[in-house]
Structure formats: structure tokens, C-alpha cells
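Asks: Take a look at this one; I'll ask things after.
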2 protein chains.
Amino acid sequence: MKYIIGIDLGGTNLKLGLFDQKLKIKDRKVLSTRVFKAKDSLIKAIVGSVEDVLCRNNLKKKDILGIGLGLPGPIDFPRGVVHFFPNIPGWKNIPLKKILKARLAMEIFMDNDANLMSLAEQRLGAARNFRNVFCVTLGTGIGGGIILEGRLYRGSGFASGEIGHIPINESGPRCNCGGIACIESYIGNRRIMSAAAKIFGKKITLEQLSQLAKKKNRPACAIWSGAGKKLGIALTGVVNLLNPDCVVIGGGVANAGKALFESIKNTVKIRAMPVQAAQVKILKAKLGDDAGMIGAALLVKESAHY
Amino acid sequence: MKYIIGIDLGGTNLKLGLFDQKLKIKDRKVLSTRVFKAKDSLIKAIVGSVEDVLCRNNLKKKDILGIGLGLPGPIDFPRGVVHFFPNIPGWKNIPLKKILKARLAMEIFMDNDANLMSLAEQRLGAARNFRNVFCVTLGTGIGGGIILEGRLYRGSGFASGEIGHIPINESGPRCNCGGIACIESYIGNRRIMSAAAKIFGKKITLEQLSQLAKKKNRPACAIWSGAGKKLGIALTGVVNLLNPDCVVIGGGVANAGKALFESIKNTVKIRAMPVQAAQVKILKAKLGDDAGMIGAALLVKESAHY
């Protein structure tokens, strides 16, 4: 029996899971990634955590089918090259697969984190049994992943799924990506927090804002419902274009609850075309914080040559 | 050697082509469909044209691999059922495949016309050799077809590709589809003609408006360039989402020429994300009015069991 290692690397944490081939988690490890300022120290930390987990589970390299990594940026999937990480400086065109293979002498697979979250939710989570699935991750930015006919669709330059950069107005705020009036330029984390700070007259975290909304605090509900309407407009375009079975919404911000969800659902229901609107289910992600790790393990399971 | 019949049924014409298996056109026939008010008389006209073309080419039914039909509305592709035709009344949930099979005793395949135009352009036209292709047809409405990883992507309810119904503003005109601020509600044929009538003080056809633009008439160029900008904004969303190799633009309105094309290209170049914008080619369709027929023949060639 071989094992799989799934790693979810984010701007805040590195999460590592040791999986059996049924994708049950046997061991896990979490590191803060904030302390690793330089690229090389982050790579060392990845290598170190893998070795550590092998050691404490009495496993040898030959017991591992492969290591999967979900990474926070665009990845050249077959070559295993990191194009760049928007939120971690120092990474540009890094042949990470080659580097890790040389240091670990195990099979390495990697992909963008939103893609792997989508894979996990479609294979084992909220979208289980649906063939055409669009996943949205609401975090610092707004990411997305596309599963069509049961397969991950990556795009010609491995840059598909960017729902955060669908324009929802002809003119509007300039976005970080260089575009205009992208949905992320209205409801990215920072935008929501600054709107909240104005209304409440003090700094307020997204968690607090979500808690307030759950207690039916009106201004908090209004903020989430406004964000949901904007996201619903972008999703209307996606739903009319892709006619998916379902849209899965995950990521930290998705915890905002009913005010956000009802608003997304209503907007899509009202604005999308009748056939598409009747067909699409808007679901909350099921695998939570583990989705990235599970997706990374799935990537190994589905790509490795046994 | 077997032959294939490809039929493109539109609100104006029925075009039928007799193809050899290399997709060369051996014979063709065009009928006006406007005279066939009732569903049954249109079905009779389809059957009659097939029989006519067989007869005048001395072919028997067994010489035909199959008949492909491109139809102007959403089609349940595997079952061969017409959901409805937006521009031909009297068609609702019609099992056209079954009806034609009973009357013609040949293999019948059918799909939406925008899907088949896309298939034709990707296999034999402007997008030859590209794997991920988005096709737009600019006609009475704005349609689209999606080819991903070389395969036609139809969507869960066979209703994918509806770029005409991507919203480009949070609020705006009510669209025929029930949505709000869909791109089609700004630059559908009728909208462009009514804008032109206002500016020129008389009724003006789209062909005249295209001719004027080719002669560098300023107001005509401004109308096409404005339409191109709006379409470019909707395409920015598509390009960021699907990261395609190319976008192919066809249909009658696409003849408006440079003013329209340059404006689409510039808008996508300025507004789409760097990786996606650098990768995508915006191309004019190559197969013109024959695209639908060719796509219908391709559908037979690729689906028939030899």
C-alpha cells in the first residue's frame, strides 16, 4: 500500500497531509509560511516537512506514490514551473518540480490551488456526481476553477478560471490586474474591509463582519448582500456561457453565510437565462480548509503512473 | 465511397450541401424558409430537398453516411429534440431526429448552429490547429460556441456559449432573455439599426452601415467601434475565464470590417489579464455562409459509426 502527500501552499500557511490511496488523511502538518521570506527557505521548509512526516510515520520514499502541491499562482502544469505568486515575492519562472524532484527523489505534481480545490470539491465534495462544475474561491482575491465533462479545464496558458477578473461594468475602478471594473476590484477582501470600516467607524475583520451578519446585524448583512449581488452578476455571465450543473463557492469569505449566499442565488436566478438558471445549483464548498490538500493528493492519484 | 449531407436551417434560408468524406462540396441547394409558415411544411421541405439532391446526383440512401442539421435554437443533441427556435414560431419540444429518421430512413445528427459553425471553423477554418477556441456569431442575435481541448463543449443542458447574454453592466436595458444589461441588449442587430437610423435620419441597413464604415464614414465607424468596444468587454470576461488560443468572429455583422474588429481587439488587449491577452488571437471567421453546412457535415463525419 502506497501513500500520497498533498501540500497546500498559501501566503499564510503551508498545509501538508499524508493520505492513503482512498484519500483518507493519516497525518497532517501545518507551518506558517510568513516566516520564510526568501524563496530558498520556503523550498527548504517544503522539503523538511515532507521528510518530517515520512520519518514520524516510519515511511520510506518508495512508500510514497507521489507528492502533489497546490500553489497560489499560475502554474505551467505539465512542466511544473511557477510563473509567479501574486502574494509571495521572489517567485518568477521557478522550475519548482525539477528542484523538488532533485532534493526529494519522489514523483512531484503541481497545479494552481483554485484548480485543485475545484478538483477536490467535484470528486469528493459539494459537487460530487456533477460533470460540469465551476468553483469560486473567495479569499484575498477571487479565484475560480473549471471542471468540464468531469475533467479539469486549465486553459491554453494554464490561466483559466479567473472569474475575479470578469468585468461587471463598462467603466469602473481600475483593477490590480490592469483591467477595469473587474469583480475583484469591487469585492476583494480589502474592498469589503474598507467599506465595513467606513460604516462601523472602526477597523473590522471579515470574520467579525461574518459574525455580525449571522446575528442579523443590518449594515453587515447589507455589505454581504451587496457583495453577493455583484458576484451574482459575474456568475450570471459564467452560467450563461458554460451552462454548468453547479457552482461551488468556497474560501474564507464564503463563511459570511446566508446574506451572501441568498444574494448570489437570487441574482443568478433573476438574471441568468431560463434553461441555465433552472439547471444550475449554487452550493457551498464542503471540504473547507482541507480542499487544497485533498485536491493535491487527487492530482497525484489521477496523474501518477502506478 | 459514401457521401454526407449537411443542412444549415435558418430563419431566412435552408442551405443544403452534399459532401464527400473529405468534406468537399459536390452539390448544393438553397431554399427560402420564409414561405414555410407551418412546422410540417418546413419538415416536408427538408425531406424534399434531401430527396431532390439524392435524385439529381444518382445517389441511393445507402450511399449516404448520414444527414447533419444545424438548427437555430437550443437542441437536445443526443436525443435530437428541438427545445424551441427563438425566431421560427411553432417549434417546441419537437423530436425532429425521430421524425426525419422515420421519413428518410437515414442516420440523422443535429446540433445548434453556433456550435456547428464553431466546429467547422476549428476543424477547417480560421481556428484550424487551435485547441481552445471561442466562436462568436454576430447576427440577429449574438451566439457563441466553445471548443475546448479540441472537443465541442455543449453544457449540461446543451445551452452553453451564450456570450450574447453576458451582462456588461450592473444595471441597464432589459434583455429579451429576461436578463439585464446583456451585451445583446446593446448591440443586437435591431439596436445597431435604430442607433444608425437616429444618426443618419433615415432607415439604414447593416450592409449599408458596413459599406459606409469601409469608406471611412465617421458616424458609421463610430457606431461599429462602439459596438466593438461593448463586445470586447464581454469577450474580456470570456478570455479571462477560458484562456483560449483564439476567438473567431463570424456572422453577417462581422462584415462591418476594420472599425468593428480593431475596436474588439483593442478592448481585449487593454482590459484582459496579461497572460490571457498575450495568448489570444482575435480572428475573422473564414468559412463564411458555408460554415453551418460544413459543421453539420463534420458532425456526421465525427459521430457516425462506419
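The values are calculated or read from the model by the stated rules, or taken from the named source; none is laboratory data. Since the model is a prediction, treat every value here as computed from it, not as a measurement. Cβ atoms come from the backbone with ideal geometry, glycine included; neighbour counts cover every protein chain shown. Accessible surface is based on the protein model in full, side chains and every heavy atom, while ligands, DNA and RNA are left aside. Shrake-Rupley method; radii C 1.70, N 1.55, O 1.52, S 1.80 Å.
Asks: Spot the failing condition for A:PRO89; the list is (1) more than 25 Å from A:GLY288 (Cα to Cα); (2) within 14 Å of chain B (Cβ to nearest Cβ); (3) open to solvent by 40 Å² or more (accessible area, probe 1.4 Å); (4) free of Cβ contacts under 8 Å to residues at least 12 places away in the same chain, and only one is missed.
Replies: (2)
Asks: Within the bounds of the stretch A:59-69, is there any residue that is farther than 17 Å from A:ASP290 by Cβ, touching a Ser or Thr at 6+ places or on another chain (Cβ under 9 Å) and at pLDDT 95 or above?
Replies: Yes; the residues of the stretch A:59-69 include at least one that is farther than 17 Å from A:ASP290 by Cβ, touching a Ser or Thr at 6+ places or on another chain (Cβ under 9 Å) and at pLDDT 95 or above.
Asks: Out of all the residues in the stretch B:102-111, which are touching a residue at least 12 places away in the same chain (Cβ under 8 Å) and either open to solvent by 40 Å² or more (accessible area, probe 1.4 Å) or not aromatic (Phe, Trp, Tyr) (or both)? Please lay out each step first, then the result.
Replies: Just the residues of the stretch B:102-111 that are touching a residue at least 12 places away in the same chain (Cβ under 8 Å), to begin with: B:103-111.
If the condition is that a residue be touching a residue at least 12 places away in the same chain (Cβ under 8 Å) and either open to solvent by 40 Å² or more (accessible area, probe 1.4 Å) or not aromatic (Phe, Trp, Tyr) (or both), then B:ARG103, B:LEU104, B:ALA105, B:MET106, B:GLU107, B:ILE108, B:MET110, B:ASP111 are the ones that fit.
Asks: Just the residues that are free of Cβ contacts under 8 Å to residues at least 12 places away in the same chain and within 7 Å of another protein chain (Cβ to nearest Cβ), please, taken from the stretch B:142-156.
Replies: Within the stretch B:142-156, B:TYR153, B:GLY155, B:SER156 qualify.
Asks: Checking the conditions here, which among A:SER118, A:SER160, A:SER171 is farther than 20 Å from A:ILE88 by Cβ, in contact with a Leu (Cβ under 6 Å, 6 or more places away or on another chain) and hydroxyl-bearing (Ser, Thr, Tyr)? Reasoning before the result, please.
Replies: Values: A:SER118 fails: in contact with a Leu (Cβ under 6 Å, 6 or more places away or on another chain); A:SER171 fails: in contact with a Leu (Cβ under 6 Å, 6 or more places away or on another chain).
Only one candidate passes the filter, namely A:SER160.
Asks: Identify, please: which residue in the stretch A:19-53 is touching a residue at least 40 places away in the same chain (Cβ under 8 Å) and in a strand (DSSP E or B) and is, among those, farthest from A:GLU302 (Cα to Cα)?
Replies: So the residue we want is A:ARG28.
Asks: Looking at A:GLY80 and the list (1) in contact with a Lys or Arg (Cβ under 8 Å, 6 or more places away or on another chain); (2) within 12 Å of chain B (Cβ to nearest Cβ); (3) closer than 30 Å to B:LEU152 by Cα, which single condition is not satisfied?
Replies: Going through (1) in contact with a Lys or Arg (Cβ under 8 Å, 6 or more places away or on another chain); (2) within 12 Å of chain B (Cβ to nearest Cβ); (3) closer than 30 Å to B:LEU152 by Cα one by one, A:GLY80 breaks only (2).
Asks: Quick test of your reading of the structure: B:ILE75 fulfils all but one of (1) touching a strand residue (DSSP E or B) at 6+ places or on another chain (Cβ under 9 Å); (2) at pLDDT 90 or above; (3) within 14 Å of chain A (Cβ to nearest Cβ); (4) surrounded by fewer than 21 Cβ atoms within 10 Å (Cβ to Cβ). Name the failing condition by number.
Replies: (4)
Results for (1) modelled with pLDDT under 95; (2) β-branched (Val, Ile, Thr); (3) farther than 28 Å from B:GLY157 by Cβ, shown as yes or no for each residue.
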| residue | (1), (2), (3) |
| --- | --- |
| A:LEU100 | no, no, yes |
| A:PHE109 | no, no, yes |
| A:GLY125 | no, no, no |
| A:PHE130 | no, no, no |
| A:PHE134 | no, no, no |
| A:THR140 | yes, yes, yes |
| A:GLY144 | no, no, no |
| A:LEU148 | no, no, no |
| A:TYR153 | no, no, no |
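Asks: Scan the stretch A:30-40 and give yes if some residue there is among the aliphatic types (A, V, I, L, M) and at pLDDT 90 or above, otherwise no.
Replies: Looking for residues that are among the aliphatic types (A, V, I, L, M) and at pLDDT 90 or above, one finds at least one in the stretch A:30-40, hence yes.
Asks: What number of residues in the stretch A:249-281 are of a type in the set (A, V, I, L, M) and either within 13 Å of chain B (Cβ to nearest Cβ) or within 14 Å of B:SER156 (Cβ to Cβ) (or both)? Spell out the reasoning first.
Replies: From the stretch A:249-281, those of a type in the set (A, V, I, L, M) are A:249, A:253-254, A:256, A:259-260, A:264, A:268, A:270, A:272-273, A:275, A:277-278, A:280; that's our starting set.
Keeping just the survivors that are either within 13 Å of chain B (Cβ to nearest Cβ) or within 14 Å of B:SER156 (Cβ to Cβ) (or both) gives A:268, A:270, A:272-273, A:275, A:277-278, A:280.
So the answer is 8.
Asks: From (1) free of Cβ contacts under 8 Å to residues at least 60 places away in the same chain; (2) over 17 Å from the mean Cα position of the chain (by Cα); (3) over 14 Å from B:ILE46 (Cβ atoms), pick out the condition that doesn't hold for B:ALA114.
Replies: (2)
Asks: I'm trying to understand the selection: among the residues of the stretch B:203-248, which are more than 12 Å from every other protein chain (Cβ to nearest Cβ) and within 14 Å of B:ILE146 (Cβ to Cβ)?
Replies: Within the stretch B:203-248, just B:VAL248 meets the criteria.
Asks: Moving on to the next point. Looking at (1) under 14 Å from B:ILE4 (Cα atoms); (2) in a strand (DSSP E or B); (3) open to solvent by 10 Å² or more (accessible area, probe 1.4 Å), which is the one condition that is false for B:ILE67?
Replies: (3)
Asks: How many residues are in a loop (DSSP other than H, G, I, E, B) and surrounded by fewer than 22 Cβ atoms within 10 Å (Cβ to Cβ) when one looks only at the stretch A:252-272?
Replies: Total meeting the criteria: 1.
Asks: I've got another one for you. Is it the case that some residue within the stretch A:186-195 is closer than 29 Å to A:VAL82 by Cβ, among the hydrophobic types (A, V, I, L, M, F, W, C) and in contact with a Lys or Arg (Cβ under 6 Å, 6 or more places away or on another chain)?
Replies: yes
Asks: Which of the numbered conditions does B:GLY139 fail, given that it passes all the others? Conditions: (1) within 26 Å of B:ILE183 (Cα to Cα); (2) at the interface with chain A (Cβ under 9 Å from one of its Cβ atoms).
Replies: Result: B:GLY139 passes all but (2).
Asks: For residues in the stretch A:168-181 being facing another protein chain (nearest Cβ under 8 Å) and over 21 Å from B:ASN132 (Cβ atoms), which is farthest from the chain's Cα centre (by Cα)?
Replies: Restricting to residues being facing another protein chain (nearest Cβ under 8 Å) and over 21 Å from B:ASN132 (Cβ atoms), the top hit is A:GLU170.
Asks: Please report, ordered by residue number, the helices (runs of 4 or more DSSP H) entirely within the stretch A:125-238 with at least 2 residues that are crowded, with 22+ Cβ neighbours inside 10 Å and of a type in the set (A, V, I, L, M).
Replies: The helices (runs of 4 or more DSSP H) meeting that bar are A:206-214.
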